[in-house]
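**Q** Below is one structure. I have some questions about it.
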Amino acid sequence: MHKIGFGYDIHRLEAGRRLVLGGTELPFPAGLLGHSDGDALVHAVIDALFGALGEGDIGAHFPDTDPRHKDARSTGFLDAVVGLVRARGAEIVNIDSVVVAEEPKMGPHIPAMKAALAPILGIPAASLGIKAKTNEGLGPVGEKRAIACYAVALLRFPD
Ligand code: MG
């Protein structure tokens, strides 16, 4: 049996913070505000996995009221969720995602994001889609006040 899940996340950009996206630090004068490192791409992927597992969402599993999660690396959350997938006897078939950001240009950083995340997910880089778009100057993302991410995940469960 196969199940898909869908995830979305958006974080505000704040001057002077590290920009961590896709488990990778990008050189940029602003970063994503969050209790953890604010990695909206990893958060969207995590919610896609929870969706396919029928398991609520990232806020329920890793609450931002928990001081242990302050400034935590989101890849650590992802590692825990992949552990849950495996504990269910499931495997990740593929993941696809979209980063919506006006700046910085994502294209040059996508190979590093795939290299950071695919091993954690236990899938080949070719099974992890990361695509980048601008928001054509529209809304808070277009005004460079936030970065939004979308992800889908396909899981295969034992019959
Ligand atoms: Mg988030």
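The values are calculated or read from the model by the stated rules, or taken from the named source; none is laboratory data. All values derive from a computational prediction rather than experimental measurement. Note: ideal-geometry Cβ built from the backbone for every residue, glycine included; neighbour counts use all protein chains shown. These area figures cover heavy atoms from the full protein model, side chains too; ligands, DNA and RNA do not enter into them. Shrake-Rupley method; radii C 1.70, N 1.55, O 1.52, S 1.80 Å.
**Q** Can you name the residue in region 11-23 that is farther than 27 Å from Gly122 by Cβ and either touching a residue at least 24 places away in the same chain (Cβ under 8 Å) or outside any strand (DSSP E or B) (or both) and is also nearest to the ligand (Cβ to nearest atom) among such residues?
**A** So, considering only residues that are farther than 27 Å from Gly122 by Cβ and either touching a residue at least 24 places away in the same chain (Cβ under 8 Å) or outside any strand (DSSP E or B) (or both), the one nearest to the ligand (Cβ to nearest atom) is Arg12.
**Q** Which pairs turn up if I take residues in region 31-52 that are more than 16 Å from Ile130 (Cα to Cα) and look for partners that are within 9 Å of the ligand (Cβ to nearest atom) and acidic (Asp, Glu) with beta carbon separation below 8 Å, at least 6 apart in sequence or on another chain?
**A** Leu32/Asp39; Gly34/Asp64; His35/Asp64; Ser36/Asp64
**Q** Taking Glu102 as meeting all but one of (1) in a strand (DSSP E or B); (2) away from the ligand (no atom under 14 Å from the Cβ); (3) among the acidic types (Asp, Glu), write down the number of the exception.
**A** Single failed check for Glu102: (1).
Matching residues to (1) over 16 Å from the mean Cα position of the chain (by Cα); (2) buried (at least 16 other Cβ atoms within 10 Å of the Cβ):
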site: Thr65; (1), (2): yes, no
site: Lys70; (1), (2): yes, no
site: Pro111; (1), (2): no, no
site: Pro119; (1), (2): no, no
site: Ile123; (1), (2): no, yes
site: Leu138; (1), (2): yes, no
site: Ala146; (1), (2): no, yes
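**Q** Out of curiosity, is Leu26 more than 13 Å from the ligand (Cβ to nearest atom), touching a Phe, Trp or Tyr at 6+ places or on another chain (Cβ under 6 Å) and either at pLDDT 90 or above or open to solvent by 50 Å² or more (accessible area, probe 1.4 Å) (or both)?
**A** no
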